[in-house]
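The values are calculated or read from the model by the stated rules, or taken from the named source; none is laboratory data. Source: prediction; values computed, not measured. We place every Cβ from the backbone using ideal geometry, glycine too, and count neighbours over all the protein chains shown. For the accessible areas, the whole protein counts, side chains as well, though only heavy atoms, and no ligand, DNA or RNA atoms are used. Shrake-Rupley method; radii C 1.70, N 1.55, O 1.52, S 1.80 Å.
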Amino acid sequence: MAAPLKGIDRVMDDKRIEKAWKALDRLRIELPSWGFANTGTRFGKFVQAAAASTIEEKFSDAAEVHRLTGVCPTLALHVQWDLPEGPADAEKVEALSRKFGVRPGSINPNVFQNQEYKYGSLGNPDPAVRRKALDHILDCVEIAALLGSRDLSPWFADGSNYPGSQNIRKRLHFMEEGLAEVHRALKPGQRLLIEYKPFEPAFYHTDIADWGMAYLLARKAGPQAFVLVDTGHHYQAQNIEQIVAWLLEERMIGGFHFNDRRYADDDLTLGSIDPYQVFRIFHEIQMYEWEQGRTADIAYMVDQSHNLKGKIESMIQTVSTAQALYARAALVDHERLDRLQQDCSLVDAEETLRGAFWEDTRRAVKEWRKAKGLPEDPLEAFRQSGYLERVTAERREKNIGSTAGYA
Ligand code: RM4
Ligand code: MN
Ligand code: MN
């Protein structure tokens, strides 16, 4: 039997602080360009005076978050919104990246917005529409190559709303074919991350509805294809950390889209509803890394859209939350937990895990920031910086004029 549990209420000692710091050194978080823009619900948009509406403004906002947190060196781009001219816009984006000191991150094709995608993109029964979607995604591979981005990250809204209205298996084959062609176009080192989502916008069936489907499609596509886990894309009771554990074991997890939710794909701030779940996910990853003696190659990305809270503030909140929870997961005594699990010492094993979750790592994160020459409290530093006032004044007029409703 292992020694009785100690240390839950103990102030963090040097060894534990070192563990937390080492973990923080590893964690990098990619920001989404669309997270700085005006977004809404299906009922309308609440326009924010400070929201970014150009790619330059998005880079500028992302650079501000990176300046304050030091851990967000890349910006995910949504091609149709950020590079409307396709590869021809790459040069402009490269120049902005240099100007603001933030690299382009994952490249996200958009095959869900245009009218022709009403019945799907790569899964559409019409070969001409499938071709169009494929050409767009191939353009995105090109853009990624031009910008030196590693990950191509498509999400497919494809599906149907009524039983019998579409042939599920035929669409699966169309998906397979399309993804295989995308994979053939990848350059060495590039990755194809396949995201799944159970419903919305499709309400009866979605072509890539869960991790198993994404896994099979990635496997069939080729060795550079992996699964992307968006935390909001699961049914309510689903055990997300178990999915993560399986994908880790299969070496098939490519990245995350972080957000939180209470009901569906709510895109709320990470950890705002269920911080324990985020901790459990981080724990599975760090336990695996401890066992393997190596860091898992996972792209941690944010996919949130804040239509009520300030966009930059909530992005800083997200990053701070991720850091605090990642540091807590680093405090789990893996060796001890491994032993307790082996002995089936259930309560002690559970308490070893929970003990780390109860630790308040916010102080350690602050100290780490100080040591790196970063502001200890990035949210406060943001409020002091005057950035928000400046961009509000600059962008107010343009934003007020933007569309908020459907008519
Ligand atoms: C989807 C999905 C994708 C994101 C779009 C905007 O629900 O999460 O990753 O690109 O939203
Ligand atoms: Mn997503
Ligand atoms: Mn989503």
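Looking only at residues of the stretch 26-44 that are in contact (Cβ under 8 Å) with a residue 60 or more places away in the chain and farther than 18 Å from D303 by Cα, we find that the one that is nearest to the chain's Cα centre (by Cα) is R26. Note on the stretch 88-129: residues that are open to solvent by less than 40 Å² (accessible area, probe 1.4 Å) and in a helix (DSSP H, G or I) total 8.
Evaluating R362 against the criteria (1) open to solvent by 30 Å² or more (accessible area, probe 1.4 Å); (2) under 30 Å from A49 (Cα atoms); (3) within 26 Å of the chain's Cα centre (by Cα); (4) not hydrophobic (A, V, I, L, M, F, W, C) leaves one unmet condition, (2). Kindly indicate whether any position in the stretch 123-131 is more than 20 Å from the chain's Cα centre (by Cα) and within 28 Å of I240 (Cα to Cα). Yes: the stretch 123-131 contains one or more residues that are more than 20 Å from the chain's Cα centre (by Cα) and within 28 Å of I240 (Cα to Cα).
Take E200 and tell me if it is open to solvent by 10 Å² or more (accessible area, probe 1.4 Å), within 16 Å of ligand 2 (Cβ to nearest atom), closer than 22 Å to V302 by Cα and not hydroxyl-bearing (S, T, Y). So E200 passes the test.
Remark: E380 falls outside the filter, which requires a residue to be open to solvent by 50 Å² or more (accessible area, probe 1.4 Å), modelled with pLDDT of 95 or more and touching a helix residue (DSSP H, G or I) at 6+ places or on another chain (Cβ under 8 Å).
Kindly evaluate R362 against the criterion of being touching a helix residue (DSSP H, G or I) at 6+ places or on another chain (Cβ under 7 Å) and under 26 Å from W246 (Cβ atoms). Taking the combined requirement at face value, the residue does not satisfy it.
Note on the stretch 304-401: enclosed helices (runs of 4 or more DSSP H) holding 1 or more residues that are closer than 19 Å to I17 by Cα and in contact (Cβ under 8 Å) with a residue 12 or more places away in the chain are 311-330, 334-342, 346-358, 362-371. I312 passes every criterion in (1) more than 16 Å from ligand 1 (Cβ to nearest atom); (2) crowded, with 23+ Cβ neighbours inside 10 Å; (3) under 15 Å from the mean Cα position of the chain (by Cα) apart from (3).
Each row is one residue, and each column tells you yes or no for (1) crowded, with 22+ Cβ neighbours inside 10 Å; (2) under 17 Å from T321 (Cβ atoms).
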site	(1), (2)
N259	yes, yes
D274	no, yes
R280	no, yes
E291	no, no
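Scanning the stretch 173-197 for residues that are surrounded by fewer than 17 Cβ atoms within 10 Å (Cβ to Cβ) and basic (K, R), we see that the one that is nearest to I137 (Cα to Cα) is R184.
Return yes or no: is A49 surrounded by 15 or more Cβ atoms within 10 Å (Cβ to Cβ) and more than 23 Å from T321 (Cβ to Cβ)? Criteria met by A49. Kindly evaluate Y204 against the criterion of being more than 27 Å from W290 (Cα to Cα) and either of a type outside the set (K, R) or within 15 Å of ligand 3 (Cβ to nearest atom) (or both). Judged against the criteria, Y204 is a match.
Within the stretch 225-249, residues that are polar (S, T, N, Q) sit with their Cβ atoms under 6 Å from residues that are in a loop (DSSP other than H, G, I, E, B), at 6+ positions apart or across chains, in these pairs: T231/N259.
Does A237 count as away from ligand 3 (no atom under 16 Å from the Cβ), modelled with pLDDT under 95 and not charged (D, E, K, R)? Yes; evaluated as a whole, the condition is true for this residue.
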